[in-house]
1. I need to check one value: relative contact order of chain B, counting alpha carbon pairs closer than 8 Å and at least 6 residues apart, in percent.
2. Mind checking A:144-157 for the average number of partner chain beta-carbons within 10 Å of each residue's beta-carbon?
3. Please give the per residue volume of the convex hull enclosing the alpha carbon atoms of chain B, rounded to a whole number of Å³.
4. With θ set to phi - 60°, apply the Karplus curve 6.51 cos²θ - 1.76 cosθ + 1.60 along region B:121-130 and write out the HN-Hα couplings as whole Hz, x wherever there is a Gly or Pro.
5. Mind listing the phi-derived Karplus ³J(HN,Hα) values for region A:278-285, rounded to whole Hz, using 6.51, -1.76 and 1.60 with θ = phi - 60°, and x for any glycine or proline?
6. Determine Rg/Rh for region B:103-153; Rg is computed over alpha-carbon atoms and Rh is the Kirkwood hydrodynamic estimate from the same atoms.
7. Give or take rounding to whole Å, what are the principal axis extents of the alpha carbon atoms in region A:238-337, in descending order?
8. How large is Rg over Rh for region A:84-229, taking Rg from the Cα atoms and Rh as the Kirkwood inverse mean of 1/r across Cα pairs?
Amino acid sequence: MVVTSQGNHATPVKPRSGEPGAVATTVTSPGRGPTRKARRATATRSAAARRRDLPVALLLILPAVVGFAVFYAYPTLRGIYLSFTDFHVLSPPNWVGLANFRELFGDDVFWHSLLVTVYFVLLSVVFGTAISLVTAVVLHRVTRSSVLRGVILLPFLISNVIAALVWQWMLDPTLGIVNIALKHLTGHSVLFFGSGGWAIPSLAAISVWKWMGYYALLIFAGLQTIPATIYEAGRVDGASEAQMFRRLTVPLLRPILVMVVVLTVINSFQVFDIVQVTTEGGPANASNVLQMYIYRKAFRQFDFGYAATMSLALFALLIAVTFTQLRLARAGESDLN
Amino acid sequence: MAVTVAPGPAAVPRRPTRNTARRFSPGRAVAWTYLGAIVLVTLFPFYWILRTALSNNYQLATNPSSPLPVGFTWGAFERVLGIASTAEAQAQGGSGATLDIAIYLRNSLIYASVQTALIVLLSAAAAYAFSRLHWRGRDLVFNILISALMVPSVFTLLPNFVLAKDLGLINTFAGLILPGGLFQAFALFFLRQFMLGLSTEVEEAAIIDGAGPLRIFFRIILPMTSAPIATVSLLMFVNAWNDYFWPLLIADDQSVQPLTLALGVFKQSSPQAAPDWAGLMAAALIAALPMLLLFLAFGKRIVNSIGFSGLK
């Protein structure tokens, strides 16, 4: 079928305008002249189509609307409701007003968790973005190899659980290859997951390792949209590589960089898997990130109401941070436009 | 492809060479050294998984830094797969715990592929209704649905768990699959964006021929959208395959747990003081294998689709 073969474009870069001739001949049943009908159809198309489209449209969006209503909208409202209740799953929720929020303000563990999470987010964002940016720029400058781009994407494809396991093994205090190397070089080893000071940086390192390739590829795609002529002009004006990076590349990439930072922030605030596999929040709450604390409150102590309150706080925080970031970075604008 | 990359000004060649791409410059050397380091850090853990998985767990402690497997053995894989007897497993430093890998693999396959198929088909259908069909309130409804992008999963996880419990979906594939399988704002947004860009001429021709909206969707729009559909499918599959938190909440029975949870189970059964690292790495390798194979088969497409999904 011509129609089917038409769909197989190799690259998804831009929707290709369909070749109307080819398709029209396939869909047109033989022996029917489209000309007169066509004129009439175009004239009445919008009105007639509208009437005919509505039931079909409703049918097609029904599952998505149900999914949205049942698993996004309703849980969101219910989560807000539960945060005002005392709810332990087995008995129905009791309305307690602002009690959970008052508890939240006095909960040292919560504030500590928030601090630990922000620390993790900062490390992930700063190092993740910097390394991804440099990697993308270097890749873009010296090679077009898609094999190399594939290699750096590998960690993105494995689960957080596997990433956490292998790094826990490599960072093991006695048998881990990283510590053996460290001991060789510096004379002492580091308790990466067993010491309060190292737990969060170690987790952030795993996270950066896992996501670097993905973000580098996003930035790489952004680099490809910058016209080479801009660099040529810069070179003619005598700009150095460093100047061009600072004055051209970074400003032109701003929309993508903002997206990467926002994604990193949103993902990092919700870190859970790698913590659960490696430290479970320890030692002594040193890596007790918010998500971990929420999980423990809900599924170890069955305090769902309070866990919902903390989720709501995290939600509000995420919205505030995201909006501020988009504002500050003037995300919609690119200097290219 | 034309190489538009030029070396830094410092590297203006004394003698012009023909092959500009191979021209040496200090900047280029630094760049390649950096890339080499990145590739090393990226790949080394994968090698270390393999090296450890092929080692004897007891002997790992005697020679932990050997770059090659220590006391080469398939024992770890046999332990994990349950081929070795408990006594044999314990003799090799395992806990005797096995991983019924066939069941976990089946569960992961069911979870990831059913959810992917469902979400891609439903998202494509909805995207079609939101891009090619004309009806009152279309954009309003779309904007409401897309607002789900703002709600982080952390917030819906707990209420969704309560809901799944109320609906009796704990420890069922339905409970595992449905919350993420009916609606994903990203997939809908992504496919709609592509369909909006398709030309209307083909559709008009089909309308003239008397084709209804459903026929147009299946015969024209869906085939034309095959490339972005492949992209979304890959991303959704990777996500579902690697998902951990939702299965952790919803599945505590082995009969529905995916591989990601199995690794945690296996780790917990292994002694805290002296974990069965060889066994764990063998299990990790088995769990990662399908993704790595998928990558070998579709690597280029995955790589290209990442950039595409970001640019939208």
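Read-outs throughout are calculated quantities, based only on the coordinates presented, and are distinct from any laboratory measurement. All values derive from a computational prediction rather than experimental measurement. Backbone-built Cβ (ideal geometry, glycine too); neighbour counts: all protein chains shown.
1. The value is 25 percent.
2. Mean shielding by partner chains, rounded to a whole number: 6.
3. Values: hull volume 69.2 nm³, N = 312.
Here the figure is 222 Å³ per residue.
4. Result, rounded to whole Hz: 5, 5, 5, 5, 4, 5, 4, 4, 5, 8.
5. Once θ is set to phi - 60°, the couplings for region A:278-285 become 9, 9, 6, x, x, x, 6, 6 Hz.
6. When Rh is taken as the Kirkwood radius, the ratio is 1.16.
7. Answer, in whole Å and largest first: 64, 26, 16 Å.
8. With Rg and the Kirkwood Rh in hand, the quotient comes to 1.14.
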